[in-house]
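What follows is a short report on a single structure.
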Amino acid sequence: MGTPQFAVAPLMALTDNGYNVCCVVTAPDKPTGRGLKLSESEVKKYASLKGIPVLQPESLKDETFINSLKSYNADIFVVVAFRMLPEIVWSIPVLGTFNLHASLLPQYRGAAPINRAIMNGETISGVTTFMIDDKIDTGEILFRSECPLLPDESAGDLHDKLSLMGADLVIKTVRAIISGNVVRTPQNTLIREGELLNEAPKLTKETGKIDWSDESSKIYNLIRGLSPYPAAFSVLTREDKSIPVKIYSAINDPEDSLLPASELTDSQPGDILSDNKSFLKVKCKSGYIGITSIQASGKKRLGIKEFLAGTRDICSYKFE
């Protein structure tokens with residue numbers, strides 16, 4: 001059971017390792033683009049390629065869907081990046097239903113663990129498999145696999161890394177469940193005394209709005225934590241013009257390096273410093289953000305040199 005690209009690698013691992021994936025459950029096709037052409041999920045595309053039957057219920061409590069699901073007599077349900085399951089679904093298989101989650105649970109429960117971990121400046125990430133229960137990401141843990149979260153990694157980078165790690169962990173988990181050699185660990189036993197749990201709530205449009213009065217390190221983490229999707233955003237403004245932009249990559253410059261002292265004295269958050277050719281730096285509460293990849297509304301994503309070549313007198317603007 002899964003929908004986005006993140007779920008494809010675990011599904012592929014199951015088929016490549018000879019497991020009988022008797023059915024795939026994914027989201028209904030959705031109209032996209034100007035022509036509203038129906039678009040299939042990445043999981044459905046792969047399942048169709050392999051000839052695996054696909055179910056796409058609107059409601060997970062629909063009686064016809066439940067009966068269809070039961071008819072496959074699956075021993076295990078594997079869930080990766082899917083909706084919250086009702087008990088009438090996760091209680092069906094004889095060996096249970098487990099979920100792959102893109103964090104080291106119990107940290108970062110919720111819909112956006114990859115984004116939130118980077119936005120919070122974490123240095124360690126990983127994946128977890130756990131048995132599904134009636135709450136969100138709280139079930140007994142089966143296995144965890146840890147990896148470093150590098151200071152220049154974007155959400156896209158970490159997504160791809162954790163997807164592959166998750167595929168390996170899914171295979172390890174399935175083997176252990178089948179052999180009966182698996183220990184279920186309650187999540188509360190893994191919480192150290194005094195440890196605070198970070199949540200990973202769903203991203204909203206406002207999540208990506210850059211506040212240039214924040215520290216440069218916080219803005220840098222926001223940019224990479226939302227890249228490439230949905231992307232951090234801001235607005236370039238001057239008296240006669242406003243240009244909404246998305247910012248995909250940047251350099252954190254906490255020491256204001258490469259800039260003469262005379263240019264630093266009167267800068268306010270949102271002010272732009274640039275040679276109009278090779279760099280664009282934005283003043284923050286402390287330090288600067290050097291933008292390296294940007295997209296103006298209605299335009300293509302560009303490297304900063306290309307963007308500056310097509311934008312006259314960038315220093316006449318300010319980021320609001």
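What follows draws every value from the coordinates through simple rules; no lab data is involved. Source: prediction; values computed, not measured. Cβ sites come from the backbone with ideal geometry, for glycine too, and all protein chains shown count toward neighbours.
How long, wide and thick is the chain, going by the Cα atoms along their three principal axes, in whole angstroms, largest first?
72, 54, 31
Comparing S41, S227, S71, which has the greatest mean-square fluctuation in the GNM of the chain with Cα pairs linked when under 10 Å apart?
In the Gaussian network model the winner is S71.
Taking square-rooted eigenvalues a ≥ b ≥ c of the alpha carbon gyration tensor, is the stretch 109-200 rounded, prolate or oblate, where a/c under 1.5 means rounded and, failing that, a/b exceeding b/c means prolate?
Oblate, since a/c reaches 1.5 and b/c is not below a/b.
For a quick check, take a GNM of the chain with Cα springs below 10 Å and name the residue from T97, T204, T138 with the largest mean-square fluctuation.
In this elastic network of the chain, the residue with the biggest mean-square fluctuation among T97, T204, T138 is T204.
What's the magnitude of the charge dipole for the stretch 205-319 around its Cα centre, counting Lys and Arg as +1 and Asp and Glu as -1 at the beta-carbon? Answer in Debye, nearest 20.
Rounded to the nearest 20 debye, it is 640 debye.
Take every DSSP beta bridge whose two residues both sit in the chain, then give the antiparallel share in percent to the nearest 5.
Bridges in the chain are about 80 percent antiparallel.
Could you tell me which of rounded, prolate or oblate describes the stretch 27-185, using a ≥ b ≥ c as the square roots of the eigenvalues of the alpha-carbon gyration tensor, with rounded for a/c under 1.5 and, failing that, prolate when a/b is larger than b/c and oblate otherwise?
Oblate, because a/c is 1.5 or more while a/b does not exceed b/c.
Go through K44/K70; K44/K205; K45/K202; K218/K281 and tell me which ones have a Cα-Cα distance over 22 Å in this structure.
K44/K205; K45/K202
Using Cα-Cα distances under 8 Å and only pairs 6 or more residues apart, what relative contact order does the stretch 5-190 have, in percent?
With pairs under 8 Å counted, the relative contact order is 20 percent.
Among I191, N181, V89, whose Cα sits farthest toward the positive end of the charge dipole of the chain (+1 at Cβ of Lys/Arg, -1 at Cβ of Asp/Glu, about the Cα centre)?
The one lying farthest along the dipole's positive direction is V89.
Kindly put I304, I118, I223, I314 in sequence by how many other C-beta atoms sit within 10 Å of each C-beta, fewest to most.
Least to most surrounded, the residues fall as I314, I304, I118, I223.
Can you sort Y19, Y108 by how many other beta carbons sit within 10 Å, fewest first?
Y19, Y108
Using only Cα atoms, tell me the angle between helix 216-225 and the longest principal axis of the chain; keep it within 0 to 90° and round to the nearest 10.
The angle comes out near 40 degrees.
Once the convex hull of the C-alpha atoms of the stretch 205-319 is built, how many Å³ does it hold per residue, rounded to a whole number?
99
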